[in-house]
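A quick write-up on the structure given underneath.
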Amino acid sequence: MPWDSAPPPPGRADAPWDGRQSRAAAGQPWEETRTWAPQPAPPAPPPPEHGQRPAQWGPPDQRPTAGGQGGPPGTGGYESYATSRVYGAPRTPPGDQGGGGRGRRGRRRRPGPVLITAIIAVLAVAAAAIIIFVVRGNNKPIIGFVPNGSTPDQDAQQLTAAFLTAWQEGQLAKAASYTDNPAAAQAAMTGFGARLGLKKLTATYQGATGVAWPAGNSGSPYATGTAAPTTPREQVTYSAAAKVAASYQGTAVSATWTYHAKLIAYQVPGSPGWLIGWRPDVLAPNLTAATHLATVAVGPKVSQVTDNAGTDITTYGDAGLTHIGQLLAAQAPPGEGGTPGLNVELQKANGDPVQASQAQIVTPGDIPSLATTIDSKAEAAARSAVGMHANSSMVVIQPSTGHIMAVANNAGSNDFALTAQVAPGSTMKVITSAALFNAGVLTPSSPVECPATVTITGITYHNDKNETLPAGTPFVDDFAQSCNNAFTQQYTHLTGANSLAATAKTYFGLNTRWNIGIPGVSASYFNAPSGATGSELAQEAFGEGQLTASPIAMASVAATVAAGGFHQPILLEHVKQVTATPLPANTVSSLKQVMRAVVTGGTATGLGFGPNVYAKTGTASIKGQEQPNSWLIAFDSAKDIAVACLVTNAGYGAQVAGPEVASVLSKM
């Protein structure tokens with residue numbers, strides 16, 4: 001039971017209150033009558049120290065006090081308890097208050113109101129916040145744990161041992177009951193175990209030192225008056241070994257964390273009971289009401305991130321590759337070797353770490369070198385190509401695998417290759433055409449007029465130079481010449497499973513988040529609003545409106561056509577790739593036909609593309625810019641390579657981005 005005192009120290013024969021303990025342990029009510037084992041006559045007490053009077057023992061009503069009441073001054077009528085007397089003086093069993101002699105069993109009395117109160121107290125102890133006894137004679141409770149030590153240090157040790165034992169056995173309510181704020185203590189211990197992933201705790205008493213009470217009555221909720229209490233108060237040190245754990249990428253990382261902590265144990269004023277003064281740092285050093293401890297798994301780092309030839313990718317001087325290298329160096333991706341570490345840290349209530357509070361208990365096993373899919377030859381060609389124009393960015397992908405072969409930027413510190421969010425312009429017509437082919441609405445040979453203007457829901461759309469293509473024009477020519485109004489008037493067919501948003505996601509793997517291999521970093525590199533209708537949908541059909549895209553997304557569009565299906569772009573071979581439905585074979589054939597026509601007789605004619613190159617130009621007008629954004633996407637089926645290039649605020653796609661893509665393909 002939580003109120004049981006600890007076993008007497010070795011060598012002690014005067015175990016106190018034997019009768020009370022045996023009854024309480026059996027669940028019986030405790031009466032005033034106590035059984036004392038016969039003991040040899042105790043030695044005379046030592047002389048009192050200066051300023052103290054000799055210890056007085058015997059029935060409460062026979063002890064002289066300064067006020068003429070039983071018990072020493074300040075105890076409120078309680079029998080003197082070891083911690084209230086001169087420590088070291090022998091205990092003398094009280095005589096029978098009915099006239100019995102020393103060592104004899106007192107006359108048993110019939111249960112009265114006090115006994116009934118005691119029974120209620122015992123029955124309620126499981127729910128009690130503080131351990132309480134009711135003593136016949138004064139009807140006042142004894143609050144706290146009642147030890148049987150002969151010094152304050154021993155009493156503090158027994159209380160601490162009871163607290164630590166209950167805590168490490170997982171009896172948190174019991175452990176909390178040994179404190180003067182059980183509700184706060186139990187809540188703190190529950191959170192302590194949960195946030196640390198606590199598997200096992202071993203805590204051991206180390207020592208105690210007497211300390212003064214703070215000024216006034218603030219040291220205990222049971223202090224009365226304005227003066228500091230006079231009962232003993234001890235600062236206890238204990239050691240703890242906590243087996244703690246955290247999860248790293250689905251795998252548990254555990255280790256033993258050792259530390260020392262301190263607590264304050266004190267005798268409750270006006271009671272022989274002892275309690276622990278509750279503070280958050282009773283559980284571990286530096287804890288406050290505004291902080292908590294937590295375990296944090298720490299991933300291994302990478303010493304060097306390289307291309308496929310072993311060259312550190314940060315040496316290229318590209319903003320994108322440098323950022324990639326820094327992110328991978330900071331935390332190695334899963335499946336690439338290395339072992340995680342484990343820290344214990346202080347955190348604020350919102351989970352943010354407290355600066356410089358981390359204790360490393362497991363050191364991560366770092367990776368000396370990590371190779372990416374960056375191809376040294378492709379990266380060099382891309383770096384050379386983007387050097388043609390400022391604000392250029394480019395991504396090169398291997399269609400058969402999704403491997404990112406090159407990331408190149410010439411836009412200062414901007415990594416537009418991966419982070420741009422701009423309208424894709426007419427490169428979007430590849431996805432629009434796929435939706436129309438899938439729906440069976442058009443084929444490359446279907447006649448589609450491209451008028452100079454088209455009005456949809458009150459908005460009139462003009463072709464770039466008011467050009468027209470007459471009725472009967474094969475759709476392949478509309479695509480090759482990139483005539484916008486051949487696409488705007490198709491918006492009524494771009495619904496349901498054949499909507500632009502659905503087609504982009506289902507077949508091209510877009511409109512969803514990708515992780516290209518950087519731990520904890522995923523992004524959607526393309527966005528087509530799912531609810532687009534009317535004039536908004538008509539704009540999106542030729543690549544403007546609310547659409548946004550980046551070069552990595554549009555390079556993947558070209559690669560998907562080349563391979564006949566989507567392979568998510570990745571920087572590391574072991575990355576799990578997002579999947580998509582393969583394009584229907586007829587759709588792939590039709591897309592290749594119209595993209596080849598761009599090279600042979602359309603907007604990319606004259607760029608010098610080879611016989612196996614398929615392309616689509618794009619020009620996106622941006623409000624507030626002097627020049628439109630220039631796009632071109634292409635793939636070379638013989639070289640297993642796909643490219644997307646964006647040059648912002650530059651001009652037509654064929655005039656600016658086109659030569660850069662042609663340069664890369666010619667060097668591969």
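For segment 565-643, the solvent-accessible area works out to 44 Å² per residue, with a probe of 1.4 Å and every protein chain left in place. Note on Lys505: accessible area is roughly 110 Å² with a 1.4 Å probe, heavy atoms of protein only.
Amide H contacts under 5 Å for Val354: Leu346, Gln347, Lys348, restricted to partners 5 or more places along the chain or on a different chain, H placed in the peptide plane at 1.01 Å from N. Under the simplified labelling scheme, the Thr457-Thr579 pair shows an inter-label distance of 3.7 nm, with each label point 7 Å from Cα along Cα→Cβ. How many nm separate the modelled label positions at Thr288 and Thr226, each set 7 Å beyond the Cα in the direction of the Cβ? With each label placed 7 Å out from Cα toward Cβ, I get 3.1 nm. If Lys and Arg each add +1 and Asp and Glu each add -1, what is the summed charge of the other residues whose beta carbon sits under 11 Å from the beta carbon of Ala265? Combined, the nearby Lys, Arg, Asp and Glu give -2. Other residues with beta-carbon under 14 Å from the beta-carbon of Asn409 carry, at +1 per Lys or Arg and -1 per Asp or Glu, a net charge of -3. Applying 1/(1 + (r/R0)^6) with r as the Cβ-Cβ distance of Glu626 and Ala184 and R0 = 41 angstrom yields a FRET efficiency of 0.05. Using the Cβ-Cβ distance between Thr605 and Gln546 with R0 = 30 Å, the FRET efficiency computed as 1/(1 + (r/R0)^6) comes to roughly 0.40. Each residue of segment 181-192 is assigned a 3J(HN,Hα), and the resulting list reads 8, x, 4, 5, 5, 5, 4, 5, 5, 4, x, 4 Hz, derived from the Karplus form 6.51 cos²θ - 1.76 cosθ + 1.60 (θ = phi - 60°), x at Gly and Pro.
Where the centroid of each part is defined by its Cα atoms, how far is segment 582-606 from segment 627-649 in Å? After rounding, the separation between the Cα centres reads 14 Å. Full extension of the chain between Thr204 and Thr311 gives 33.1 nm of extra length, using 0.36 nm per residue less the Cα-Cα distance.
These residues, Ser413, Ser393, Ser247, Ser535, go from largest to smallest accessible area, 1.4 Å probe, as Ser413, Ser247, Ser535, Ser393.
With a simple spin-label model that places each label point 7 Å from the Cα along the Cα-to-Cβ direction, the separation between Ala212 and Ala380 comes to 7.9 nm.
The packing ranking of peptides 646-655, 303-312, highest mean first, is 646-655, 303-312, where packing means the average number of other beta carbon atoms within 10 angstrom of each residue.
Residues whose amide H lies under 5 Å from that of Asn649, counting only those 5 or more places away or on a different chain, are Asn629, Ser630; hydrogens are built 1.01 Å from N in the peptide plane. A 1.4 Å probe run over segment 273-392, with the rest of the protein chains in place, finds 43 Å² accessible per residue. 3J(HN,Hα) couplings calculated from phi for segment 306-320 with the Karplus curve 6.51 cos²θ - 1.76 cosθ + 1.60 (θ = phi - 60°) are, in sequence order, 10, 7, 6, 9, x, 8, 4, 5, 6, 6, 6, x, 8, 4, x Hz; Gly and Pro show x. Positive contributions from Lys and Arg (+1) and negative ones from Asp and Glu (-1), summed over other residues with Cβ under 10 Å from the Cβ of Val244, come out at +4. Solvent-accessible surface of segment 133-234, averaged per residue with a 1.4 angstrom probe and all protein chains in place: 43 square angstrom.
When a/c is below 1.5 the answer is rounded, else prolate if a/b is larger than b/c, else oblate, so apply that to segment 154-201 with a ≥ b ≥ c taken from the square roots of the Cα gyration tensor eigenvalues.
It is oblate, given that a/c is not under 1.5 and a/b is not larger than b/c.
Among 149-160, 551-562, 180-191, sorting by the average number of other beta carbon atoms lying within 10 angstrom of each residue, highest first, gives 551-562, 149-160, 180-191. Distance from the alpha carbon centroid of segment 346-408 to that of segment 222-240 works out to 57 angstrom. When the solvent-accessible area of segment 180-284 is split by element, carbon and sulfur atoms take up 51 percent of it, the probe being 1.4 Å.
Computed packing ranks the peptides 360-370, 206-216, 260-270 as 260-270, 360-370, 206-216, most packed first, by mean other Cβ atoms within 10 Å. Here segment 511-668 exposes an accessible surface that is 46 percent carbon and sulfur, computed with a 1.4 Å probe and the other protein chains kept in place. 3J(HN,Hα) along segment 151-164: 9, x, 4, 5, 4, 5, 5, 5, 4, 4, 4, 5, 4, 5 Hz, from the Karplus curve 6.51 cos²θ - 1.76 cosθ + 1.60 with θ = phi - 60°, whole Hz, x for Gly and Pro.
Rounded, prolate or oblate: which fits segment 344-443, taking a ≥ b ≥ c as square roots of the Cα gyration tensor eigenvalues, rounded meaning a/c under 1.5, else prolate when a/b beats b/c? Because a/c hits 1.5 or more and a/b exceeds b/c, segment 344-443 counts as prolate.
Across segment 542-630, the mean sequence separation of Cα contacts (distance under 8 Å, 6 or more residues apart), normalised by length, yields a relative contact order of 18 percent.
The values are calculated or read from the model by the stated rules, or taken from the named source; none is laboratory data. A quick note: this is a predicted structure, and the numbers were derived from the prediction, not measured. We place every Cβ from the backbone using ideal geometry, glycine too, and count neighbours over all the protein chains shown. Ligands, DNA and RNA are stripped out before the accessible areas are found, and what is left, the full protein with its side chains, is counted by its heavy atoms. Shrake-Rupley method; radii C 1.70, N 1.55, O 1.52, S 1.80 Å.
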